[in-house]
Amino acid sequence: MEPGDDVSGFSCGNTDLDDFLREAPRLLSLSVVQVYLAFAEEQVVGYAALLNDSLKLATSEKKKLKLRYDDHPVIPGIKLARLAVATALQSCGLGTRLLRLAYHVARAQAAVGCRVLIVDAYPQSVRFYESRAFRRARKTPNARTISDDENVTMWLDLHTTPDWAKLPPGSRF
Ligand SMILES: CC(C)(COP(=O)(O)OP(=O)(O)OC[C@H]1O[C@@H](n2cnc3c(N)ncnc32)[C@H](O)[C@@H]1OP(=O)(O)O)[C@@H](O)C(=O)NCCC(=O)NCCS
């Protein structure tokens, strides 16, 4: 996202997600989020918002990452803080393309430890993420990720490459 991008016409059917995009320039200037926009005919038709985060995993989940029980339970990652597609273009593959972009951005974090892609999914979007190989995080005491009770924290191991992530980030399908 660049200063001056016109996001005023964006609507995905969820007021919080629409409002977030209008607030994004301020948040970007404060370096607390990075926003990637998708355009069609010069209109913003989707976006993904990313930031650094971490996730406290249970021992059984750490084993899936080949970490030992005595390795640190807090796993570094990238949070897909928001993902939204304009109502008219939903179910056309754009959400998956933005997810792929997020995956590749997270995989490119070679300068720092980064093992998982994290999302706090709306209950109605859990199926979308499950079908793209995200797992529901088990509830752990003092969970460290930024989440509220209603959303479902989910994660994807960045050492795996699901089919949808195999194409380069900008690919259509
Ligand atoms: C969820 C969302 C990002 C998916 O993007 P998309 O471009 O519609 O999705 P794709 O075309 O890549 O993939 C289609 C999948 O999205 C699901 N989907 C479509 N519209 C959806 C909606 N409004 N809410 C949740 N899931 C939706 C479809 O059921 C389909 O699932 P399947 O592949 O498992 O059958 C998009 O629909 C959206 O912006 N929804 C409203 C906002 C929202 O719920 N954002 C998620 C925040 S966690």
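Fewest to most neighbouring Cβ within 10 Å: what's the order for T59, T15?
By the 10 Å Cβ count, ascending: T15, T59.
Under 19 Å Cα-Cα from K66, which aspartates and glutamates qualify once same-chain neighbours fewer than 8 residues away are excluded?
Of all the aspartates and glutamates, those that pass the test against K66 - Cα under 19 Å, at least 8 places apart if same chain - are D157.
Please label the shape of the range 1-66 as rounded, prolate or oblate, based on the square roots a ≥ b ≥ c of the eigenvalues of the alpha-carbon gyration tensor (a/c under 1.5 means rounded; beyond that, a/b larger than b/c means prolate, else oblate).
Prolate.
Rank these for me by crowding, K139, K79, going from fewest to most other beta carbons within 10 Å.
Neighbour counts put them in this order, fewest first: K139, K79.
What do you get for the angle between helix 94-107 and the principal long axis of the chain? Use alpha-carbon atoms, 0 to 90 degrees, nearest ten.
Roughly 50 degrees, rounded to the nearest 10.
For the chain, what is the calculated [θ] at 222 nm in deg cm²/dmol (nearest 500), taking -39500 (n - 2.57) for each run of four or more DSSP H residues and dividing by its residue count?
-7000 deg cm²/dmol
What distance in nm lies between label points placed 7 Å from Cα along the C-beta direction at K63 and T161?
Between K63 and T161, the simple spin-label model gives 2.8 nm.
Could you pull out the chymotrypsin sites (Phe, Trp or Tyr not before Pro) across the range 1-110 that fall in loop regions by DSSP (anything but H, G, I, E, B) with no more than 12 other Cβ atoms inside 10 Å?
Y69
Please say if the range 92-132 is rounded, prolate or oblate, where rounded means a/c under 1.5 for a ≥ b ≥ c the square roots of the C-alpha gyration tensor eigenvalues, and otherwise the choice is prolate for a/b larger than b/c and oblate otherwise?
oblate
Between D19 and A40, what is 0.36 nm times their sequence separation minus the Cα-Cα distance? Round to one decimal in nm.
Extra length available between D19 and A40 comes to 5.5 nm.
Which three semi-axes in whole Å describe the equivalent ellipsoid of the chain, each the square root of 5 times a Cα gyration tensor eigenvalue, listed largest first?
Working through the eigenvalues yields semi-axes of 28, 17, 16 Å.
Just so you know, all these numbers are worked out from the coordinates, no wet-lab data involved. Values in this document were obtained by computation on a predicted structure and should not be read as measured data. Note that we place each Cβ from the backbone using ideal geometry, even for glycine, and neighbour counts take in every protein chain shown.
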